[in-house]
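S.K.: Below are the C-alpha cells for one structure; questions will follow.
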Amino acid sequence: MRVAIIGAGLAGLAAADALRSEGADVVVLEARDRVGGRVWSVPFAGGVAERGAEFVFPGDEVFLATARRLGLGLYRKGTYYGDREPRGGEPVSPADLDRAVARLDGAALEGTVLDALGSLRLPSALAEVIAARVEVSSAYPAADLDATVLAETGAAFGRFDTFGVEGGNGRLAEALAAPLGPAVVRGRPVEEIRWDRRSVLLRGPNVQLWAEAVVVAVPASVLARMRFDPPLPEPKARALAGVRYGHAAKLHIPLLAPTEPSAVLAVPARYWSYTQLGPDGGPAPFAASFAGTPGALERLRVWAGPGTWVASVAALRPELELDGAAPLLSTWRDDPWAEGAYSARSHASPLDADELARPVKSLAFAGEHTAGDWHGLMEGALRSGKRAAADVLDRLG
C-alpha cells in the first residue's frame, strides 16, 4: 500500500517511521528544504542553538524511547525549566512564590487562567508572576488561556531536570528521515487534496501524487490554506478552524565568559532568559531567551530585529557577559509553514482533541495540535504521528 505524508516534522516522520516498519510504501512531501518542522537546530557560537522546540521533559516517554532506538544520546541541560527567578516587576520572595505555587492545586479550574488565579485571592505581585510564567510558556494571553493550562507540563513549576539531544534535537528528525532516503521529498508544498473512501490525489507545484491514504501532518494554520475536494466534514473543519496558536520568538546571544545554568523570568516583558549546559557537561557558550504572547513580541520590537531585545536582556541580567554584536533571532509567526509557535489551549475556542485526531476515510491527521494533553510538545508530535499511522493501518487492514 502507498501512503503519502504531508509534512516532515516530528509528527509526519513518526508516522512514516511506523508505517514503513509495517511494510507500507511511504512518500513524505515537505514544503521546506529541511526536515524537522518547528524543530530546528543550528550551529551557533561554538555550540548548537535550538531555534524551535527545545526542552525534553522527564515524562516524555515516546521521545526518550525513540531517541534510544535511533542511537541518539541525550544530555542534561542543567536549566530548571520550572524554576525561574522573577525580575522586573514588584519584588516577591522565593518563599512566598513557593507558597503561592503550592496553592495552585486548589484553584478553580474553570474559566481562564486569570479566573483561576483570582479564585485563590493571591497578592497581586504573586498572581502577576504566575500569570507571566504561564503566558510565556503558552505564548498566549492568560485572559483567554483555559484554566486547565495550570495543570499542563509546560506550565509546571519546580526544580526538575530537562534534556536535549546531543548535537541538537534536529538530529531526531534527521535520524527518522534517514531510512526513508529519497522517499522524503523536500521543497514540495501540497496545495490540493482530492480524496474519497479508497484513495487520495495530492497536487501542488511540481507535485501530483496518488496514494491509498494520506497523513496530514502540518499545523492547522497551514492546513487551512489547502483545498480539499470534497470539503472536509463540518465537524472536522470546525475543529481545525478553532485551533489557536501562540506567538513566540527566541533570541540567542553569545557569552564572553562561561556561565552556569540559570533561569530568569522577565515579568512585565513576558520572556525568560536562561543559560544551560552543553553535551560535554560544561556551560553552553550562549544565553537564550524565549518570549511569548503577541504583546511581548511587540514590546520587544522583534519585527525590527534583535536590538531592543538584546538591550533588554543586558539590563535584566547584568551578571552575564554578553556579546551583543552577534545575536541570533528566530520567529515563527512569519514562517509560512508554521504561522505561529504551537497550539494554545484557548478558553473561548477550545481544542477539540477527539475531532482533531479523528480520521476521515482515506485521511488521517497528525501534529502536536491533535495530541490532546500532549499538545504543544515534541512528545505530542511523536505520539500523534504514531497514532495517525495506526489509524491508516486500521483502515487499510
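S.K.: Restricting to segment 206-257, count the residues that are among the aliphatic types (A, V, I, L, M), within 25 Å of ALA389 (Cβ to Cβ) and assigned to a strand (DSSP E or B).
M.R.: 7
S.K.: Search segment 225-254 for residues being within 17 Å of ALA11 (Cβ to Cβ) and of a type in the set (A, V, I, L, M, F, W, C), and hand back the single one that is surrounded by the fewest Cβ atoms within 10 Å (Cβ to Cβ).
M.R.: Here the residue is MET226.
S.K.: Condition first: closer than 30 Å to ALA14 by Cβ, buried (at least 21 other Cβ atoms within 10 Å of the Cβ) and among the aliphatic types (A, V, I, L, M). Can you find one or more residues in segment 276-288 that meet it? Can you show your working first?
M.R.: Here is the first cut: in segment 276-288, the residues closer than 30 Å to ALA14 by Cβ are 276-281, 284, 286, 288.
Adding the requirement that they be buried (at least 21 other Cβ atoms within 10 Å of the Cβ) leaves 276, 284, 286, 288.
From what is left, the residues that are among the aliphatic types (A, V, I, L, M) are 284, 288.
Within segment 276-288, one or more residues are closer than 30 Å to ALA14 by Cβ, buried (at least 21 other Cβ atoms within 10 Å of the Cβ) and among the aliphatic types (A, V, I, L, M).
Yes/no matrix, rows are residues, columns are (1) over 23 Å from ALA371 (Cα atoms); (2) touching a His at 6+ places or on another chain (Cβ under 9 Å); (3) of a type in the set (S, T, N, Q):
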site: ARG194; (1), (2), (3): yes, no, no
site: ARG198; (1), (2), (3): yes, no, no
site: GLN208; (1), (2), (3): yes, no, yes
site: LEU223; (1), (2), (3): no, no, no
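S.K.: Among the β-branched types (Val, Ile, Thr), over 13 Å from the mean Cα position of the chain (by Cα), surrounded by fewer than 24 Cβ atoms within 10 Å (Cβ to Cβ) and over 27 Å from ALA8 (Cβ atoms) - does that describe any residue in segment 360-369?
M.R.: At the first step, the residues of segment 360-369 found to be among the β-branched types (Val, Ile, Thr) are 360.
Right, trim to over 13 Å from the mean Cα position of the chain (by Cα) and you get 360.
Narrowing further to those that are surrounded by fewer than 24 Cβ atoms within 10 Å (Cβ to Cβ): 360.
If we keep only those that are over 27 Å from ALA8 (Cβ atoms) too, we end up with none.
No, the conditions are met nowhere in segment 360-369.
S.K.: VAL190 versus (1) of a type in the set (A, V, I, L, M); (2) outside any strand (DSSP E or B); (3) in contact with an Asp or Glu (Cβ under 7 Å, 6 or more places away or on another chain): which is the lone unmet condition?
M.R.: Going through (1) of a type in the set (A, V, I, L, M); (2) outside any strand (DSSP E or B); (3) in contact with an Asp or Glu (Cβ under 7 Å, 6 or more places away or on another chain) one by one, VAL190 breaks only (3).
S.K.: Just name the residue that is most open to solvent (accessible area, probe 1.4 Å) out of those in segment 87-118 that are outside any helix (DSSP H, G or I) and under 16 Å from ALA156 (Cβ atoms). Walk me through it before giving the result.
M.R.: In the first step, residues of segment 87-118 are kept if they are outside any helix (DSSP H, G or I); the result is 87-93, 107-112.
Those left that are additionally under 16 Å from ALA156 (Cβ atoms): 107, 109.
Details: ALA107: 12, LEU109: 77 Å².
Per the criteria, the residue is LEU109.
The values are calculated or read from the model by the stated rules, or taken from the named source; none is laboratory data. Here the structure is a predicted model, which is why all the values come from computation and not from measurement. Cβ sites come from the backbone with ideal geometry, for glycine too, and all protein chains shown count toward neighbours. Just so you know, the surface numbers come from the protein's heavy atoms only, side chains and all, with ligands and any DNA or RNA stripped out. Shrake-Rupley method; radii C 1.70, N 1.55, O 1.52, S 1.80 Å.
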